[in-house]
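Report on one structure; see the data block that follows.
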Amino acid sequence: IILTSIRTIAKSYERILAAMADAHLTVTHAMDVWLGEHFNVHGANVRVLYDKPPMLFRPTTIDEEHELFQRLDLEGENEQLHGWLDRVDGMHEEQTPSEQTLFTKCSLHNSEQIIQPRQNRPALLVSSTSWTPDEDFSVLLEALEKLHSLIMNASKSTPSSFPNILVVVTGKGPQKEYFLPLLHKFNEQHQYIKIITLWLEASDYPKLLGCATLGVCLHTSTSGLDLPMKVLDMFGCQVPVCAIGFDCLDELVKDGVNGRVFCDGEELSRQLFDLLKGYPLEDVEMERYRQNIRGMTRWRENWDECARHLIVGDKLD
């Protein structure tokens, strides 16, 4: 009874103050509509200020990629990745560990060191998760199991045009320990797809995203009124995203324009199958998505355009 009374008082308090405010900022049009319906807040003093990525989220250069993966030493830190590409592809590049990573290699040309992508590099899928029920990781695990079956079936009839796939999952949360044994078992049973978890320094997270082939977002908004910042970070790095659908997601992820929207693991597996087939040589659809992402507004520009005058009261020329 006490909690109910507190909630009622707090809600009434917010309603009264909302009507008195000079301006309101919302993060989606859906929230703008909700404020109008529930708080009777309308008009020009309500502005949508979408989150936008800061400039540190950008594509990673090949030199930066080589340095990052040398430092992370994914093969050395993950026993199930040691020699993985050589075993699967049956090819071995005669270079020392210090000269190559899973994705890059360093070679000499006219006495100059040249960093290049490895010929047999895997596609890199990145998913940042809080390991909570709001981001159901079992959906991605199911999708990867079905994707591996699709790849195996396709390779029976024609030579495989699929890359090996490394899935990197970042973040910490309460369900992580539950899933770690399942990921280990998955890696033992699936030769073309491997899953690892990473906890990165804040400065390395944008670099990792900038190396990704594709991002996967499992975030579902409890309210249906906000958008996942992790997708914006990926877009800042010009990385297309497959995102699980929920109300108002279409204000950010346009299905078939800058990524794909899925409802369950089976649909995600088909999307990954279609998008990654032929990578990296045949990359038409993914490149179209990247083209549609490039040039997106950044945070400072967005603030100046949408909110500065409303809050500060000045006006930029």
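The values are calculated or read from the model by the stated rules, or taken from the named source; none is laboratory data. Bear in mind the structure is a predicted one, so any value in this text is a computation, not a measurement. Quick reminder, even Gly has a Cβ in these numbers, built from the backbone with ideal geometry, and neighbours come from all protein chains shown. SASA here: full protein model, heavy atoms, side chains in, ligands and nucleic acids out. Shrake-Rupley method; radii C 1.70, N 1.55, O 1.52, S 1.80 Å.
Does Leu275 satisfy the criteria of being buried (at least 17 other Cβ atoms within 10 Å of the Cβ), among the hydrophobic types (A, V, I, L, M, F, W, C) and either at negative phi or out of contact with any strand residue (DSSP E or B) (no Cβ under 9 Å at 6 or more places or on another chain) (or both)?
So Leu275 passes the test.
Go through the residues of segment 118-138 one by one and say whether even a single one is modelled with pLDDT of 90 or more, at positive phi and surrounded by fewer than 17 Cβ atoms within 10 Å (Cβ to Cβ).
no
Taking segment 119-148 on its own, how many of its residues are touching a residue at least 40 places away in the same chain (Cβ under 8 Å) and more than 26 Å from Thr222 (Cβ to Cβ)?
The qualifying residues number 9.
With the requirement that a residue be without any contact (Cβ under 8 Å) to a residue 40 or more places away in the chain and of a type in the set (A, V, I, L, M), what does segment 291-313 give you?
Val312
I'd like the full set of residues that are in a helix (DSSP H, G or I), over 19 Å from the mean Cα position of the chain (by Cα) and farther than 20 Å from Arg58 by Cβ, limited to segment 267-303.
Hit for segment 267-303 is Val284, nothing else.
Could you look through segment 226-259, keep only residues that are among the β-branched types (Val, Ile, Thr) and part of a strand (DSSP E or B), and pick out the one that is nearest to the chain's Cα centre (by Cα)?
Across segment 226-259, the extreme among qualifying residues is Val241.
So which residues in segment 38-53 are open to solvent by 40 Å² or more (accessible area, probe 1.4 Å), at pLDDT below 90 and not small (Gly, Ala, Ser), if there are any at all?
Within segment 38-53, His38, Asn40, His42, Asn45, Arg47 meet the criteria.
Would you be able to tell me the number of residues in segment 139-168 that are modelled with pLDDT under 90, in a helix (DSSP H, G or I) and either open to solvent by 60 Å² or more (accessible area, probe 1.4 Å) or within 12 Å of Gly265 (Cβ to Cβ) (or both)?
2
I'm trying to understand the selection: among the residues of segment 32-70, which are part of a helix (DSSP H, G or I) and touching a residue at least 12 places away in the same chain (Cβ under 8 Å)? Can you show your working first?
From segment 32-70, those part of a helix (DSSP H, G or I) are 32-39, 62-70; that's our starting set.
The answer is Asp32, Trp34, Leu35, Phe39, Ile62, Asp63, Glu64, Glu65, His66, Leu68, Phe69, Gln70.
How many of the residues making up segment 265-307 are modelled with pLDDT under 95 and among the hydroxyl-bearing types (Ser, Thr, Tyr)?
Counting residues in segment 265-307 that are modelled with pLDDT under 95 and among the hydroxyl-bearing types (Ser, Thr, Tyr) gives 2.
Consider Thr213 against the criteria (1) open to solvent by less than 50 Å² (accessible area, probe 1.4 Å); (2) touching a helix residue (DSSP H, G or I) at 6+ places or on another chain (Cβ under 6 Å); (3) within 29 Å of Leu281 (Cβ to Cβ); (4) modelled with pLDDT of 95 or more: it satisfies all of them except one. Which criterion is unmet?
Unmet condition: (2).
Of Leu316, Leu310, which residue is aliphatic (A, V, I, L, M), modelled with pLDDT under 90, under 30 Å from Ala44 (Cβ atoms) and outside any helix (DSSP H, G or I)?
Within the list Leu316, Leu310, the selection yields Leu316.
Go through the residues of segment 2-22 one by one and say whether even a single one is surrounded by 11 or more Cβ atoms within 10 Å (Cβ to Cβ) and of a type in the set (Gly, Ala, Ser).
So far as segment 2-22 goes, yes, one or more of its residues are surrounded by 11 or more Cβ atoms within 10 Å (Cβ to Cβ) and of a type in the set (Gly, Ala, Ser).
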